[in-house]
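Read the structure below first, then the notes.
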Amino acid sequence: MLEFNSYIIILILLNLVINQIIVYVWKSQIYLKLGLKQYEAIQRIHEQETPRLGGLVYIISLIIFAFSFKGNEMSSILKTALISLVPVFLIALKEDLFHNTKPKNRFIALIFSACLFFLIYSGPLPDLYNIPLVSKLLSFKSGIFMLLILGIITTANGMNLIDGVHGLCGFSALAILGALSFLAHTTSDHLIFELTFNLILLFLPFLIFNYPYGKIFLGDLGAYGLGFLLSVITIIFFGRHPDLTPWLAVLILSYPLMEASFSFTRRLLNQISVTQPDIAHMHLKLFYFLKRKKGLKKIANPLVAPLMIVIWLFPLLSILMAYQKENFVFILIGFFLLLYFSFWYLISNIRGKRGLFN
């Protein structure tokens, strides 16, 4: 049974108020008097200076929420995830405030957070040894940890990469949380269902300010933090349910995993630094195409997320069909790859760039 905590309503209202205050501080340019700088980056597509502190508000609300319970298993899991997030919290917040953190430092912070999670978490981990192909890579004991750490880092980076237009990262996070909630409900895992349900509720205030007008963004802390939390909760869930194939986890996290993997490969093939930001991501290519269309310039940004709904909603829609059909999972993963590259090729064509990796 879902345990209701009255703090959730208070925190939702508090989130709305704090987000509004932050928006006012940036709109009135008070932030400049506080010694904060304007955000400058090649992937910036918004004209007005916009605060990147939505993630900070969300993470702080999760901290307060986790400690509002005493002796609760759900809060214990959330506390473990949030404590593990501390290295990322410190580095990413510095970037959101001062925009002077090297990508290498953020990557190192992610590694530290992922390792810290496995040092703290004592629960069961997903059984990867019975998976064809993957099991051969896990011939030594620490292999499973290396693979899971890689999954956490890839998911977190993927969420950060898709945090470029209004609503896209937020809607993707909701789709992933929705998929986990569905699996938790069907497996009668009340603990994970309660956790994901509350995470969704506390995330809604941010979305109100982020979509469609983009008054506040997640920032690196929000994007990395969300990716980290989503991946560790997925690991915890599948560790609790060894009867479910771990390939479902790949399906659930397919969009951020694919975005990070493809961006890494694309940059290698183009012989540019894998840490160097660019504007060749699918959502940015679509944005610039829409922006050049007469009558769409002002609404190009909020149009991207609904036009890409087949991509970010895919984890939730596919999990409804695949959770009891292990062989069907591979078909859906293959279908997502086809869908992703088809969408990419279509956008490249309409922009007059036929090279797949341009």
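The values are calculated or read from the model by the stated rules, or taken from the named source; none is laboratory data. All values reported here derive from a predicted model rather than from experimental measurement. Every residue, glycine as well, gets a Cβ built from its backbone with ideal geometry; the counts of neighbours run over all protein chains shown.
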query = Looking at this structure, is M321 within 19 Å of A179 (Cα to Cα) and at pLDDT below 85?
reply = yes
ask   = Among all residue pairs at least 6 apart or on different chains, which show Cβ distances below 6 Å where the first residue, located in the range 63-79, is more than 17 Å from L226 (Cα to Cα) and the second is assigned to a helix (DSSP H, G or I) and at pLDDT below 90?
value = S68/Y7; F69/S75
query = Within the range 244-251, can one find any residue that is among the β-branched types (V, I, T) and closer than 14 Å to N160 by Cα?
reply = no
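Hey, does the range 291-308 have a residue that's small (G, A, S), more than 27 Å from F228 (Cβ to Cβ) and surrounded by fewer than 12 Cβ atoms within 10 Å (Cβ to Cβ)?
Filtering the range 291-308 for residues small (G, A, S) gives 295, 300, 305.
If we keep only those that are more than 27 Å from F228 (Cβ to Cβ) too, we end up with 295, 300.
Keeping just the survivors that are surrounded by fewer than 12 Cβ atoms within 10 Å (Cβ to Cβ) gives 295.
Checking the range 291-308: at least one residue is small (G, A, S), more than 27 Å from F228 (Cβ to Cβ) and surrounded by fewer than 12 Cβ atoms within 10 Å (Cβ to Cβ).
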ask   = Any chance the range 63-80 includes a residue that's within 24 Å of A260 (Cβ to Cβ), of a type outside the set (V, I, T) and assigned to a helix (DSSP H, G or I)?
value = no
key: For T245: the one exception among (1) at pLDDT 90 or above; (2) closer than 27 Å to L116 by Cα   = (1)
request  = Any chance you could count how many residues in the range 1-22 are more than 18 Å from L62 (Cα to Cα) and at pLDDT below 90?
outcome  = 1
ask   = Got at least one residue in the range 28-51 being modelled with pLDDT of 80 or more and in a loop (DSSP other than H, G, I, E, B)?
value = yes
task = For D220, indicate whether it is modelled with pLDDT under 95 and either basic (K, R) or farther than 18 Å from Y323 by Cβ (or both).
result = yes
